[in-house]
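S.K.: Can you read through this structure? Questions will come right after.
The values are calculated or read from the model by the stated rules, or taken from the named source; none is laboratory data. As the structure is a computational prediction, the values presented were derived from the model and not from experiment. Virtual Cβ from ideal backbone geometry, glycine too; neighbours counted across all protein chains shown. Side chains are part of the model used for accessible areas, which takes the heavy atoms of the whole protein and leaves out ligands, DNA and RNA. Shrake-Rupley method; radii C 1.70, N 1.55, O 1.52, S 1.80 Å.
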Amino acid sequence: MRILLISAYEASSHKAWANTLMSGLGQHEWSYLSLPARHFAWRIRGNAMSFAFDPQFKPQIEQEYDLVIATSMTDCVGLKAFCPNLQSIPWLLYFHENQFAYPASDKQQGLVEMQMVTLYSALAADLCVFNSAFNKDSFFGGARALLKKLPDYVSPDWLNDTEAKAQVLAVPLDMPTSIESLVETSLASEIEESGKLPEPIKLVWSARWEFDKGPDRLLAMLEELERRKLDYEIAILGEQFRSIPKEFDQIQANFSHRITQFGFAPSRADYLGFLASSDIVLSTALHEFQGLAVLEAVALGCVPVLPDRQVYPELFGNQFLYPSDLKDIQSEAERAVDLILRVVREDVKAPDVSHYQVQVLLGHYEKLIDTYQH
């Protein structure tokens, strides 16, 4: 099949997903269009014009295709209007995230406008696919709530057919198996008979450096670890953008003696090395639809210590979740450190995430694409 793959806001995880599909399903003829992950509000509102009219995209956009696979940031309605050759072929809309579950921010503007673009695209697509059930449920729940607020000539029932057809299919983990042998170590083997903890506890936090990933909660967690006089070290990884929350300056200033890496790893191999050498992966996220970075760490042997919100209860059992407290950051930090201590003392093992591996999930993508074969 001739497939046009569109990533309207090419964050690193979106790019990895696209590359995995194209390399893993090489029997198809792929064309790939993307726009940089910047100017978020403009990117969602303006991507159809950019793709349709910018000269650099015209040679690809005007070809004939059998299927379009687009990320949910893509303005499907606008592109169909501007590009007649894309109107009569199937569109599959893939949701890495959605704008209806995004935490409120004083800096956020035009949220309803962005929600409406995604809602239009979902209604215009032939199939909506989500990376988690949490993503799917929060999208349709939020979209219906928005429709109920609109003044007239609108019905939440418009989404019924779209939701009935929608599917859940996670982003595959494309992990090298050679690193797995590096992580077959036991925390308990390092605990002395006196009951002392291994020194140091090796932690990793690997989210985007934005407010919705909870850097203020990470700061509180590190402060709680210090209050309890625990010996630990932490690698703080993750993608950074032009505007970085102030909490990262405080973390760097106050915990430099604990930090083994501060910022994006120099290479993919270095990144995987930090994960493989860590004992526990932390999350403080307020906005998480699949938790790909956490899943990667768990695949390499890290035990997850995560808040019991967003997608995490869907991924892991209660033994890996600490109580979420959106109003009291300090209380949440204390519960997180309690869980860190229990994980270490009880030698808790990393859960199995092999069902997210690319070898498993690519077959599901292939079956989905095959349904559109002529």
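S.K.: For the stretch 231-247, how many residues meet the condition of being under 25 Å from ARG38 (Cα atoms) and in contact with a strand residue (DSSP E or B) (Cβ under 8 Å, 6 or more places away or on another chain)?
M.R.: Result for the stretch 231-247: 3.
S.K.: If you scan the stretch 137-158, which residues turn out to be buried (at least 20 other Cβ atoms within 10 Å of the Cβ) and in contact with a helix residue (DSSP H, G or I) (Cβ under 8 Å, 6 or more places away or on another chain)? Let's see the steps before the verdict.
M.R.: Start the filter on the stretch 137-158 by keeping residues that are buried (at least 20 other Cβ atoms within 10 Å of the Cβ), which leaves 138-140, 143.
Answer for the stretch 137-158, where residues must be buried (at least 20 other Cβ atoms within 10 Å of the Cβ) and in contact with a helix residue (DSSP H, G or I) (Cβ under 8 Å, 6 or more places away or on another chain): PHE139, PHE140, ALA143.
S.K.: Follow-up question, since we're still on this one. If I ask for residues that are buried (at least 16 other Cβ atoms within 10 Å of the Cβ) and over 27 Å from the mean Cα position of the chain (by Cα), which ones from the stretch 25-56 would you list?
M.R.: Of everything in the stretch 25-56, just one residue is buried (at least 16 other Cβ atoms within 10 Å of the Cβ) and over 27 Å from the mean Cα position of the chain (by Cα), namely ALA52.
S.K.: Considering only the stretch 253-271, state which residues are crowded, with 19+ Cβ neighbours inside 10 Å and within 17 Å of the chain's Cα centre (by Cα).
M.R.: Within the stretch 253-271, just TYR271 meets the criteria.
S.K.: Of the conditions (1) modelled with pLDDT under 95; (2) loosely packed, with under 12 Cβ neighbours inside 10 Å; (3) farther than 21 Å from LEU21 by Cβ, THR177 fails just one. Which one is it?
M.R.: Unmet for THR177, out of (1) modelled with pLDDT under 95; (2) loosely packed, with under 12 Cβ neighbours inside 10 Å; (3) farther than 21 Å from LEU21 by Cβ: (3).
S.K.: Provide a single number: the residues in the stretch 283-326 that are open to solvent by 30 Å² or more (accessible area, probe 1.4 Å), polar (S, T, N, Q) and closer than 18 Å to ALA133 by Cα.
M.R.: 2
S.K.: Every residue in the stretch 327-356 that is among the aromatic types (Phe, Trp, Tyr) and open to solvent by less than 20 Å² (accessible area, probe 1.4 Å), please.
M.R.: none
S.K.: Pairs needed: first member in the stretch 43-62, within 16 Å of ALA81 (Cα to Cα) and basic (Lys, Arg); second member anywhere, open to solvent by 60 Å² or more (accessible area, probe 1.4 Å) and outside any loop (DSSP other than H, G, I, E, B); C-beta distance under 7 Å; at least 6 residues apart or different chains.
M.R.: ARG45/GLU113
S.K.: Of all the residues that make up the stretch 63-78, how many are open to solvent by less than 30 Å² (accessible area, probe 1.4 Å), in contact (Cβ under 8 Å) with a residue 40 or more places away in the chain and part of a helix (DSSP H, G or I)?
M.R.: 1
S.K.: Another question, if that's okay. Which one is nearest to SER267 (Cα to Cα), of the residues in the stretch 212-247 that are among the hydrophobic types (A, V, I, L, M, F, W, C) and surrounded by fewer than 18 Cβ atoms within 10 Å (Cβ to Cβ)?
M.R.: PHE241
S.K.: If we scan the stretch 103-116, do we find a residue that is within 17 Å of GLU163 (Cβ to Cβ) and open to solvent by less than 30 Å² (accessible area, probe 1.4 Å)?
M.R.: The answer is yes, given that some residue of the stretch 103-116 is within 17 Å of GLU163 (Cβ to Cβ) and open to solvent by less than 30 Å² (accessible area, probe 1.4 Å).
S.K.: Just one of the numbered conditions (1) under 16 Å from PRO172 (Cβ atoms); (2) within 18 Å of the chain's Cα centre (by Cα); (3) not in a helix (DSSP H, G or I) is not true of LYS15; which one?
M.R.: (3)
S.K.: Going by the structure shown, is LEU306 in a helix (DSSP H, G or I) and within 22 Å of the chain's Cα centre (by Cα)?
M.R.: no
S.K.: Would a scan of the stretch 6-24 turn up a residue that is in contact with a strand residue (DSSP E or B) (Cβ under 6 Å, 6 or more places away or on another chain), within 25 Å of GLN357 (Cα to Cα) and surrounded by fewer than 17 Cβ atoms within 10 Å (Cβ to Cβ)?
M.R.: yes
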